[in-house]
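Each remark here refers to the structure printed beneath this line.
The values are calculated or read from the model by the stated rules, or taken from the named source; none is laboratory data. Because the structure is a prediction, the values reported are computed rather than measured. Neighbour counts run over all protein chains shown; Cβ positions are idealised from the backbone, glycine included. Heavy atoms of the whole protein, side chains included, go into the accessibility calculation; ligands, DNA and RNA do not. Shrake-Rupley method; radii C 1.70, N 1.55, O 1.52, S 1.80 Å.
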Protein chains: 2
Amino acid sequence: MDTQQTKSGSASALVPGASASPFDGSTHRVRRANLQAALQHVYRERVTSRASISKDTGLTRATVSDLILQLVRSGLVREIGPGTSSGGKPPTLLGLNADGRAIVAIDLSRQPFRGALLDLTGGIVQRIDGRRDAVRGDAGVEEVFRLVGSLVSSASAPVLGIGVGTPGIVDADGAVVEASNLAWHGVPLRRELAIRTQLPVTVANDAHASALAEFETTHASANLVVVKVGVGIGAGIVVDGHLHLGDRPAAGEIGHIRVVEPGLPCHCGNTGCLETVASVPSIVRSAAAIAGVDDDDGRPWEVRQLSAAFGPEPVWNAIREAGRNVGAVLANVVAILDIHRVVVSLEIDGGLEPFLDAIRTEVASRVLPDLAPVIDVSAGESGPDLVISGAAAMVLRHELGVMWR
Amino acid sequence: MDTQQTKSGSASALVPGASASPFDGSTHRVRRANLQAALQHVYRERVTSRASISKDTGLTRATVSDLILQLVRSGLVREIGPGTSSGGKPPTLLGLNADGRAIVAIDLSRQPFRGALLDLTGGIVQRIDGRRDAVRGDAGVEEVFRLVGSLVSSASAPVLGIGVGTPGIVDADGAVVEASNLAWHGVPLRRELAIRTQLPVTVANDAHASALAEFETTHASANLVVVKVGVGIGAGIVVDGHLHLGDRPAAGEIGHIRVVEPGLPCHCGNTGCLETVASVPSIVRSAAAIAGVDDDDGRPWEVRQLSAAFGPEPVWNAIREAGRNVGAVLANVVAILDIHRVVVSLEIDGGLEPFLDAIRTEVASRVLPDLAPVIDVSAGESGPDLVISGAAAMVLRHELGVMWR
């Protein structure tokens, strides 16, 4: 299992009599694997037929017909109409029933929090933003409950599950062990949400969710690192197509690697951590210091607004210096893991290109000379909804055993 | 596949009529998987019976009897004698036929090179050391051929295969792309050895082989980092029980992570690399410099001998300073991968404990405070034959599909 899964099982009862997942505990292991194989085929092909599924999976036509019957009855797959005949009766085309289930996804990596309802294809059908003044401590936890409750009650299809991407370290039961940027210490988020909603809930680190989304929604290679730079800095690592979680699990916690000796004190207790010189708040502070202007800490994270306050040069310089520090750490990541594709997200609108350039230059100057030309540091393809997509992808993996790619 | 496998197939003809591997190309895929499952059971249990194998694998008694017949005939398994009856006929006990095959393993990470013949349990039955003056360039390649030839011709059982652990980067065909400490650039080692011996050959990076050995021969956790400090510095990373190879594959190339700004020039073309301040030659140079004594570069790597030349304090100080630099890099490895178990080998006899202490102190000062107490930096359990064991483990995985643990 890649991330933390609900213990409450997969049966949902939003619509009486309808189970949100057709693969509940009563389904035999082999039959469940076959249902997942058939559904994954439909996900991959978009439009297909029973004959194609039989050919692709090696299952008999009779078995496939039986599986599709169950998938159609449970509302995941639908018959689209007749296809082209290759002689004889034309096949019935099958497709995903995108609106057959809703997925609730929550992104706690941005302030305010954000939530969305997605359909089974990963398309966002509804968005909701949290309150700006409810992003920390107990108020933050209550805000998550409010966003989830609102999305669940407005869903027009049975809810397959709830996925949450959060900063910090998440334990095997989906509790947030430590998220200093949210002032959360030991918040049993998965359990609380599961009790309140009686739905399957998955909670994962935001950078881990992002890496999963980048891997599943693009044609990225099987090895991949995704770096998120916002209030904190974290990475998600995909190794051979699997999310690498680590022993705690807390893989990718690069924000507390020391890059300045001795450096400024960090909230973690050490000094000179990457977050002290490359997080978005530290970039804003640095731009303000360069400009000699007071930083009132309430500005939106946009290059245009920051430039208006501090002047363009201080902002660019601060962004480039942060990029150099991130690049120094990423050079180590690349050397240690020999992963050539790195995807970066920066939560300053309009600031990504100079940030990427500074990272690329620093990485190239630090890795083995023959490695430098093949390292690909880029903005990724999934944009600002990366955590939302990843949180939904976790639900899809856990409840239906399929992925988008 | 974890490492680079021979393309020449598994059939060996040292003993006419005997195939060294019973799992050659003509064996059906499913039967081969069953043979491997039965043999892995014998490896794990040491002494077992057909009934136990049947119970463990879920295969029928008749199938197991048939598989064991083939494994006994091919000389991998032997009947030990009658066991204790639980009523009725006593079962025939089965065990590994340790001497049924020989494995040739070569360690190029030390100077001089070393080789060994191992039995099927991984026990070393014969050792051979290379010449001190043949450790680089073409002379080094010829020396590998000589060591392998000598070991193959002295084997008293069919040779299952040849495993080589080498410094540097090894490509997917077992060629050594770059091993600057051997002055090798693009040496097609696997292919040359396969042509000369007509045996299956596996070539892997020495640190990768070490990580495999540490994982298989100890009860180490599924996530593990092994660091080798000798002429060069490299690491092998086991993630969820699999060797992580990386994209090139060159995972674990930590010797060229920059730790000193700007630092001394490194042979790789960059400056301030870990190898410039923590490899064994750099430790010897540093001790000599502290003592103000000429370093003649020909001393054996032993604390006693180095202390006689430079005095004890300069030697301890140089070892501790190198340990601090290795610790700074390992703190990053731990933060990035969240792997808590780190095994270190240092090729200075008698120098490991102060080296480990310095690493532990540096790692603890750099990782997140709550992580420091759970990081286990140790000497490992497999000792100086780690690369030999790893090279043999690769052969066993590739030719028989089994591992020691």
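Figures for the structure shown
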quantity: In order through the range A:178-183: 3J(HN,Hα) via Karplus (6.51 cos²θ - 1.76 cosθ + 1.60), integer Hz, x for Gly, Pro; calculated: 7, 9, 5, 5, 9, 6
quantity: Given charges at beta-carbon only (K, R positive; D, E negative), |dipole| of chain A in Debye; calculated: 1640 debye
quantity: Farthest toward positive dipole pole in the range A:49-142 [+1 Lys/Arg, -1 Asp/Glu at C-beta], among A:V77, A:G100, A:G88; calculated: A:G88
quantity: Whole-angstrom Cα spans of the protein assembly as shown along principal axes, big to small; calculated: 77, 76, 55
quantity: Degrees separating the helix A:61-73 axis from the principal Cα axis of chain A, which is the longest one; calculated: 70 degrees
quantity: Alpha carbon Rg of chain B, scaled by the compact-globule rule 2.2 N^0.38 Å; calculated: 1.06
quantity: Distance between the range A:351-405 and the range B:343-396 - C-alpha centres, whole angstrom; calculated: 32 Å
quantity: Helix axis angle, B:206-217 relative to chain B longest principal axis, alpha carbon, degrees; calculated: 50 degrees
quantity: Long-range amide H partners of A:Q126 with built H, under 5 Å; calculated: A:L117
quantity: Cα lying deepest toward the dipole's positive end in the protein assembly as shown, options A:G230, B:V259, A:G163, charges on Cβ; calculated: A:G163
quantity: Sites B:S378 and B:D129, calculated FRET efficiency, Cβ-Cβ separation with R0 30 Å, nearest 0.05; calculated: 0.60
quantity: Size of charge dipole - the range B:274-405 - debye, nearest 20, with Cβ of Lys, Arg +1 and Asp, Glu -1, no other charges; calculated: 320 debye
quantity: Gaussian network model of chain B, Cα within-10 Å springs - most flexible of B:T60, B:T84, B:T271; calculated: B:T84
quantity: Expected 222 nm ellipticity per residue - DSSP helices of 4 or more, -39500 (n - 2.57), all of chain A, to 500; calculated: -12500 deg cm²/dmol
quantity: Relative contact order %, the range A:338-378, counting alpha carbon pairs below 8 Å whose residues are six or more apart; calculated: 59 percent
quantity: Residue mean of other protein chain beta carbons inside 10 Å, A:365-376; calculated: 4
quantity: Cα centre as origin, Lys/Arg/Asp/Glu Cβ charges: the protein assembly as shown dipole, Debye; calculated: 3280 debye
quantity: Relative contact order, percent, chain B [alpha-carbon distance under 8 Å, six or more residues apart]; calculated: 17 percent
quantity: Rg/Rg_globular for the range A:128-199, with Rg_globular taken as 2.2 N^0.38 Å and Rg from C-alpha atoms; calculated: 1.10
quantity: Surface share of carbon and sulfur [accessible, 1.4 angstrom probe, percent] for the range B:341-396; calculated: 54 percent
quantity: Peptide-level mean, for A:237-247, of C-beta atoms on other protein chains within 10 Å; calculated: 5
quantity: Number of partner chain Cβ atoms within 10 Å, mean per residue of A:329-335; calculated: 6
quantity: Positive-end extreme of charge dipole, the protein assembly as shown - chosen from B:T48, B:I290, B:P314 (charges on Cβ); calculated: B:T48
quantity: Cα long-axis angle, helix B:137-154 against chain B (0 to 90 degrees, to the nearest 10); calculated: 30 degrees
quantity: Sum of side-chain charges, B:A62 neighbourhood, beta-carbon under 15 Å (Lys, Arg +1; Asp, Glu -1); calculated: +3
quantity: Using θ = phi - 60° and Karplus 6.51 cos²θ - 1.76 cosθ + 1.60, couplings along the range A:263-273 (whole Hz; Gly, Pro as x); calculated: x, 6, x, 10, 4, 6, x, 8, 10, x, 5
quantity: Segments A:35-42, B:325-332 sorted - mean Cβ within 10 Å per residue, highest first; calculated: B:325-332, A:35-42
quantity: Highest average packing first - A:148-161, A:86-99, A:388-401, Cβ atoms within 10 Å; calculated: A:388-401, A:148-161, A:86-99
